[in-house]
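Structure, as structure tokens:
The values are calculated or read from the model by the stated rules, or taken from the named source; none is laboratory data. These figures come from a predicted structure and were not determined experimentally. In this analysis, Cβ positions are derived from the backbone assuming ideal geometry, glycine residues included, and neighbour counts consider all displayed protein chains. For accessibility, only protein heavy atoms count, side chains too; no ligands or nucleic acids. Shrake-Rupley method; radii C 1.70, N 1.55, O 1.52, S 1.80 Å.
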Amino acid sequence: MNLGNCPRCGKLFANNFRDICPACIKDIEHEYEKCLEYLRQEKLATIQEVHDATGVSVKQITKFIKEGRITVANNPNMMYPCEVCGVLIRENNMCDSCRTRLTRDLSAAAKEDFGMEQGGSADRKGSGAYSAVDKFRNQ
Ligand SMILES: [Zn+2]
Ligand SMILES: [Zn+2]
């Protein structure tokens, strides 16, 4: 039996299958019921409206959407904020423009790493950018 602290309430509990304690699981189920009930009446509600009406945190509602328990198909305005810029989105963790930028940054970083490795071997051969740096250092 593994004992761990529940990330939601901080209490010690035996974590066997779920990553949060049984009390929190019950809490979240209850919150889910509240959201669902509200959304049944207010099909066009936004995440902010659900939060205001139910008191459930936007973060938790976002989780329900990401888990597919609340669907944009049933409630078209249930969009959640992009993790980076906060623009409202319907899928993934970030909006298209942030994702594009991140992908570009990542490939640029990968290229830089690659360049460093190449530079390292070029150093031994005494050519490329690294030899220039060496010359500068030796002065
Ligand atoms: Zn808990
Ligand atoms: Zn974004």
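Around Tyr80, with a cut-off of 11 angstrom between Cβ atoms, what is the net charge of the other residues, counting Lys and Arg +1 and Asp and Glu -1? Here the charged neighbours net out to +2.
Report in % the part of the accessible area of region 3-89 that belongs to carbon and sulfur, leaving out ligands and nucleic acids; probe 1.4 Å.
Reported share for carbon and sulfur atoms: 52 percent.
Solvent exposure of Phe114, expressed as accessible area, is near 130 Å², computed with a probe of 1.4 Å over the protein chains only.
Once the C-beta distance of Cys9 and Glu37 is scaled by a Förster radius of 41 Å, the resulting FRET efficiency is 0.95 to the nearest 0.05. Please work out the C-alpha center-to-center distance from region 32-77 to region 85-111 and express it in whole Å. Their Cα centres are 25 Å away from one another.
With a 1.4 Å probe and all protein chains left in place, how much accessible area per residue does region 1-53 have, in Å²?
74
Close amide-amide hydrogen proximity is noted between Leu88 and Cys82, each under 5 Å apart and 5 or more residues distant or on a separate chain (H modeled in the peptide plane; Pro and chain starts excluded). Model label sites at Ala109 and Ala53, defined 7 Å from Cα along the beta-carbon direction, differ in position by 4.0 nm.
Principal axis extents of the C-alpha atoms in region 3-89 (largest first, rounded to whole Å): 42, 30, 21.
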